[in-house]
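**Student:** Got a structure for you, written out below as structure tokens; questions coming shortly.
Quick note: the coordinates plus some simple rules give every number you see, no bench work behind them. Nothing here was measured: the structure is a model prediction, and the numbers come from that model. Virtual Cβ from ideal backbone geometry, glycine too; neighbours counted across all protein chains shown.
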Amino acid sequence: MLRFGKPVALFIDEAHDLHGTTLNGLKRLMEVIACGGGSLSGVLIGHPKLRNDLRRPSMEEIGHRTDILSFEGFGEDARAYLDWLLGECSEADTDVDALIEPAALDVMAMRLNTPP
């Protein structure tokens, strides 16, 4: 890190499964790197359980150093996303309605929770 002068980001998926000791170790690692003049950021990705865990008194020291961003899904934009996706995946002159029934797209948009 120091050799190239660039910050490093560590991405951890399924972070809700991490033990509290591991989170404390990650915090300590970030502190040691910062003391050496480097920069390490951790991006923890997990279920809402992670947010709840970071709010507990035992995780207070780590929880206060975090910014929590919630992913709420597409909401009202799900149908627009599907229309765009089909348009991008098909040939330029193809009518999207010829590929799939509009009613089927409406059902898919209603049930879509996360990006495919």
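**Student:** I'd like the orientation of helix 102-111 relative to the chain: the angle between its Cα long axis and the longest Cα principal axis, in ° from 0 to 90, rounded to 10.
**Tutor:** So the helix axis and the longest Cα principal axis differ by about 20 degrees.
**Student:** For segment 57-116, which chymotrypsin sites (Phe, Trp or Tyr not before Pro) are in a loop by DSSP, counting at most 13 other Cβ atoms within 10 Å?
**Tutor:** Answer in residue order: Phe71.
**Student:** Next up: Bin width 10 Å, alpha-carbon pairs only: give the P(r) of the chain as whole percents, running from 0 to the bin holding the largest distance.
**Tutor:** Once binned at 10 Å, the Cα pair distances of the chain give 11, 29, 20, 18, 16, 6, 0.
**Student:** So, one more: What value, in deg cm²/dmol to 500, does the helix sum -39500 (n - 2.57) over DSSP H runs of n ≥ 4 give at 222 nm once divided by the residues of the chain?
**Tutor:** About -13000 deg cm²/dmol.
**Student:** Now, a different point. How are the C-alpha pair distances of segment 8-63 spread across 10 Å bins, as whole percents from the shortest bin up?
**Tutor:** Reading the bins upward from 0: 23, 54, 21, 1.
**Student:** Compute the longest continuous run of the chain that contains no exposed GluC sites (Glu not before Pro); treat a site as exposed when its DSSP state is not H, G, I, E or B and it has at most 10 other Cβ atoms within 10 Å.
**Tutor:** That would be 1-71.
**Student:** Also, quick follow-up: Take peptides 23-29, 102-108 and line them up by average Cβ neighbours within 10 Å, highest first, as a rough protection proxy.
**Tutor:** Put in order of decreasing packing, that is 23-29, 102-108.
**Student:** When the dipole is taken about the Cα centre of the chain, and only Lys, Arg (+1) and Asp, Glu (-1) are charged at their Cβ, what size is it in debye, to the nearest 20?
**Tutor:** With Lys and Arg at +1 and Asp and Glu at -1, about 1240 debye.
**Student:** Which order do Leu18, Leu10 fall in if you start with the one that has the fewest other Cβ atoms within 10 Å?
**Tutor:** Listed from fewest to most nearby Cβ atoms, that is Leu10, Leu18.
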